[in-house]
Structure formats: C-alpha cells, structure tokens
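See structure below.
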Amino acid sequence: MIKVCPHAINSTSYKINFRKSPDTINLAVEELRNLEFSNDDKNFIKRHGAKPPFKNGKEAYDFIKNSGIKIQFAKLPSNDIHAQWDINEKSININKIYKNNRNKAVILAISEAILHEAGHAKDNDGDSSIQEEINCLALNAMAHRTYEKKYPNIYNSAQENIVKNGVTMYSDIYFDKNPYRLIKRIQKSYSHLPAGDIKHPADYLALAIKYNNF
C-alpha cells in the first residue's frame, strides 16, 4: 500500500547492515536478499497482466541499499495497514506493532511487505494506480509462495494480522485460476485510483477492476 506518513513517530530507523546483531527488520531483509521466484509463478502473474518491478529479491535488496532507503518501524494510522512507502522521508515504514517480533512467519511477512513497498518506491513518485498495485501485489504474492515452499507450514499457526489478513490472503486470491476474488478485493481497496498511468500502462485486469468489466 502506498501512503504518505511524513511525521511517523516512535520509530526506529534501519539501514541494511548485517554486521550488527540481527533484529526483526534485518532478518526480514536477509530473507529478501535470498528470494527467488519460481518460473511457473512468474508466468502465471504475466497472464494476469502484472509487470513486477523486480525479477527477484536480490534486485529489490540492491535497489533499497543503493537508493539509501530507510526501513523503519513507525506508528501507522491503523493496525490494518501493515506497511507504507513514505516518499517524503524516503522510508519504508512497517507498523510498529511488529517491532521486536521474532515469530518467523511475521519476519517473512515483513520481508514480503518490504518487497511490495520497494516496488512502489522504484518509480520515484508519490502516486499510484490500479496497475501499479497489481504489479506490487504480484511481488509479495510470489514471495509468499516461495517462502511457503522453503518453510512448509510456517504460516499455519500465525495469528498476526499482517499474516492472516495480509500476505496469506493476497497470495491465495492472486493465484486463483479464476481472477474474480482478486478483482473484487482490489476493487475494494483501490477502485478510487486510475486504472494506469504513464509509468504503469493499464493492462486488461486493471481495466476490468476500474470499469467493472469482467
């Protein structure tokens, strides 16, 4: 989700640095650095008209590192908002309710959220569109499926909102052969946005979501 939170409070800021003792964000970023998507998943999301901003987690990791982007825990407007890209502060803000959470499922979910927000950051503007959201949601949906294969059953008992109502839900509906649930979910969250923009031309799914044509 792309939202601006220029005055985030009670935050702790991190740059990518594995020389210090691991913390929740650095553990999440380390997972991201080693993330590879399956070819089957990449082909599937292309059929949805998604154009993911990164080919793998290492590309996102390098982008964050080379762009000087901060990753921090911050107070966000709601517990239902898991992460935000703040273009003014050049930071990826993770909801502070997960600070110091060492649950492996949460760490992986934060990794997925960082990947999603890095996708928003890559185009270097503060705007979004349905197509941009589709592209970024494709990233964390593919990441989630990769982590499920790498760590079988890791998400099964997790009760945290970022897992149950975030990454798990979107992965499930994104890879449903019938896109109806995905269309309705994105409509619910993003129908107020334009279908596409200059940097993210709308494909058929974004147009179907915007104009209820499916």
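The table for this structure:
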{"quantity": "Candidate set from the range 109-124 (those that are of a type in the set (A, V, I, L, M, F, W, C) and either assigned to a loop (DSSP other than H, G, I, E, B) or within 8 Å of the chain's Cα centre (by Cα) (or both)); member that is nearest to Lys65 (Cα to Cα)", "calculated": "Ala118"}
{"quantity": "Hits in the range 161-190 - residues which are touching a Lys or Arg at 6+ places or on another chain (Cβ under 9 Å) and of a type in the set (S, T, N, Q)", "calculated": "Ser171, Gln187"}
{"quantity": "Residue in the range 201-208 that is surrounded by fewer than 16 Cβ atoms within 10 Å (Cβ to Cβ), over 22 Å from Ala83 (Cα atoms) and at pLDDT 95 or above present", "calculated": "yes"}
{"quantity": "Flag for Ser129 being crowded, with 18+ Cβ neighbours inside 10 Å and under 14 Å from the mean Cα position of the chain (by Cα)", "calculated": "no"}
{"quantity": "Search result, residues across the range 21-35 that are outside any helix (DSSP H, G or I) and either within 26 Å of Arg181 (Cα to Cα) or hydrophobic (A, V, I, L, M, F, W, C) (or both)", "calculated": "Leu35"}
{"quantity": "Filtered residue count, the range 190-208, keeping only those that are in contact with a Gly (Cβ under 7 Å, 6 or more places away or on another chain) and not in a helix (DSSP H, G or I)", "calculated": "2"}
{"quantity": "Any chance Gln187 is surrounded by 20 or more Cβ atoms within 10 Å (Cβ to Cβ), in a helix (DSSP H, G or I) and of a type in the set (S, T, N, Q)", "calculated": "no"}
{"quantity": "The range 96-126, residues that are surrounded by fewer than 24 Cβ atoms within 10 Å (Cβ to Cβ), among the polar types (S, T, N, Q) and in contact with an Asp or Glu (Cβ under 9 Å, 6 or more places away or on another chain)", "calculated": "Asn100, Asn101, Asn103"}
{"quantity": "Search result, residues across the range 173-184 that are not aromatic (Phe, Trp, Tyr) and not in a loop (DSSP other than H, G, I, E, B)", "calculated": "Ile173, Arg181, Leu182, Ile183, Lys184"}
{"quantity": "Residue check, Lys75 of a type outside the set (Val, Ile, Thr), surrounded by fewer than 19 Cβ atoms within 10 Å (Cβ to Cβ) and within 16 Å of the chain's Cα centre (by Cα)", "calculated": "no"}
{"quantity": "Matching residues in the range 125-153 - criterion: being under 18 Å from Lys188 (Cα atoms), touching a His at 6+ places or on another chain (Cβ under 6 Å), assigned to a helix (DSSP H, G or I) and of a type outside the set (D, E, K, R)", "calculated": "Gln131, Cys136"}
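To keep it simple, each residue is scored yes or no on (1) part of a helix (DSSP H, G or I); (2) among the basic types (Lys, Arg); (3) free of Cβ contacts under 8 Å to residues at least 12 places away in the same chain.
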residue	(1), (2), (3)
Tyr155	no, no, no
Asn165	yes, no, no
Ser171	yes, no, no
Lys210	yes, yes, no
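The values are calculated or read from the model by the stated rules, or taken from the named source; none is laboratory data. Here the structure is a predicted model, which is why all the values come from computation and not from measurement. All Cβ positions, glycine included, derive from the backbone under ideal geometry; neighbour counts span all protein chains shown.
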